[in-house]
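Peer 1: The structure is given below, and queries will be raised subsequently.
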Amino acid sequence: MSRRWSASDVQPMLSERVCFDHVARHLYQPKERWEQVIPRLGDARARAWAAGCAETILDAPNPDCDRAQSSCREHVQRDHDTLLMPAYLKEIEGAEHAGQVGGLPDAKGMGRGWAFVGNRGVYVIVREVGPSHRPEVKTAYRVVPRKGHQPEDFRKAALRKLRDKTTWGK
């Protein structure tokens, strides 16, 4: 499956709801070890709590920004814009450069899609959306390895997923 755009054309996650969900479910999850990707990240989860984010909202299977205080929503959006978004966009660029990109099977109504794995082990799904088929990030997370916690363990786990779920390497 070919694409007519490059990594630099990819748009970030756009809606507040999607950004909130992904920051809470991924950036704030200690198992994903985003400090290996984002220098000086520190304890982003504790900062979210201090900004008024309830633990029950952040730990929900589908964190809902409508249930959060406005201070929490603003904080999480800022974490998306200043921490998560630059990290996943950089990983898309690195994945394209390294050839670590695979086409995804057609998903009903979701648009054509690709998965990217950057050198720091971030797995990013991009889909073409709208009438112009604009590439947009739909999710970005780190595949937690079965064994090990080093950056290379995360990268290898993400590459295994890329090989299993996409056209990469086939």
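Peer 1: Do the conditions hold for Trp5, that is, is it outside the structural domain of Gly148 (by the TED database), on the phi < 0 side of the Ramachandran plot and open to solvent by 90 Å² or more (accessible area, probe 1.4 Å)?
Peer 2: Details: outside the structural domain of Gly148 (by the TED database): yes; on the phi < 0 side of the Ramachandran plot: yes; open to solvent by 90 Å² or more (accessible area, probe 1.4 Å): no.
Taking the combined requirement at face value, the residue does not satisfy it.
Peer 1: Of everything in segment 8-47 that's more than 18 Å from the chain's Cα centre (by Cα) and not charged (D, E, K, R), which residue is most open to solvent (accessible area, probe 1.4 Å)?
Peer 2: Among those that are more than 18 Å from the chain's Cα centre (by Cα) and not charged (D, E, K, R), it is Gly42.
Listed here are the residues, each with its yes/no results for (1) in contact with a helix residue (DSSP H, G or I) (Cβ under 7 Å, 6 or more places away or on another chain); (2) in contact (Cβ under 8 Å) with a residue 24 or more places away in the chain; (3) more than 15 Å from Leu14 (Cα to Cα).
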position: Val76; (1), (2), (3): yes, yes, no
position: Thr82; (1), (2), (3): no, no, no
position: Tyr88; (1), (2), (3): no, yes, no
position: Glu91; (1), (2), (3): no, yes, yes
position: Gly94; (1), (2), (3): no, yes, yes
position: Ala98; (1), (2), (3): no, no, yes
position: Arg120; (1), (2), (3): yes, yes, yes
position: Gly130; (1), (2), (3): no, no, no
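To keep it simple, each residue is scored yes or no on (1) modelled with pLDDT of 95 or more; (2) touching a His at 6+ places or on another chain (Cβ under 8 Å); (3) farther than 21 Å from Glu136 by Cβ.
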| residue | (1), (2), (3) |
| --- | --- |
| Arg3 | no, no, no |
| Ser15 | no, no, no |
| Asp21 | yes, no, no |
| Tyr28 | yes, no, yes |
| Ala50 | yes, no, yes |
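Peer 1: Could you list, in sequence order, the residues of segment 1-30 that are over 22 Å from Cys65 (Cβ atoms) and not β-branched (Val, Ile, Thr)? Break it down into steps so the answer makes sense when it comes.
Peer 2: Taking segment 1-30 and keeping what is over 22 Å from Cys65 (Cβ atoms), we get 1-10.
Those that are over 22 Å from Cys65 (Cβ atoms) and not β-branched (Val, Ile, Thr): Met1, Ser2, Arg3, Arg4, Trp5, Ser6, Ala7, Ser8, Asp9.
Peer 1: Could you look through segment 140-157, keep only residues that are in contact (Cβ under 8 Å) with a residue 40 or more places away in the chain and in contact with a Lys or Arg (Cβ under 7 Å, 6 or more places away or on another chain), and pick out the one that is surrounded by the fewest Cβ atoms within 10 Å (Cβ to Cβ)?
Peer 2: The residue in question is His149.
Peer 1: To continue, here is another question. Step by step: first the residues of segment 140-158, then only those that are touching a Phe, Trp or Tyr at 6+ places or on another chain (Cβ under 8 Å) and not basic (Lys, Arg), then the one that is farthest from Arg112 (Cα to Cα). Which residue is that? Working first, answer last.
Peer 2: Here is the first cut: in segment 140-158, the residues touching a Phe, Trp or Tyr at 6+ places or on another chain (Cβ under 8 Å) are 140-145, 158.
Those still in the list that are not basic (Lys, Arg) too: 140-141, 143-145, 158.
On the way: Ala140: 17, Tyr141: 19, Val143: 22, Val144: 26, Pro145: 27, Ala158: 20 Å.
Taking the candidates together, the pick is Pro145.
Peer 1: Can you go through Asp59, Asp64, Asp81, Asp106 and tell me which one is within 17 Å of Ala140 (Cβ to Cβ), among the charged types (D, E, K, R) and either open to solvent by 40 Å² or more (accessible area, probe 1.4 Å) or outside the structural domain of Arg142 (by the TED database) (or both)?
Peer 2: Values: Asp59 fails: within 17 Å of Ala140 (Cβ to Cβ); Asp64 fails: within 17 Å of Ala140 (Cβ to Cβ); Asp106 fails: within 17 Å of Ala140 (Cβ to Cβ).
On inspection, the qualifying residue turns out to be Asp81.
The values are calculated or read from the model by the stated rules, or taken from the named source; none is laboratory data. Computed from a predicted structure; not experimentally measured. Neighbour counts run over all protein chains shown; Cβ positions are idealised from the backbone, glycine included. Each accessible area value is taken on the protein alone, full model and side chains, heavy atoms only, with ligands, DNA and RNA left out. Shrake-Rupley method; radii C 1.70, N 1.55, O 1.52, S 1.80 Å.
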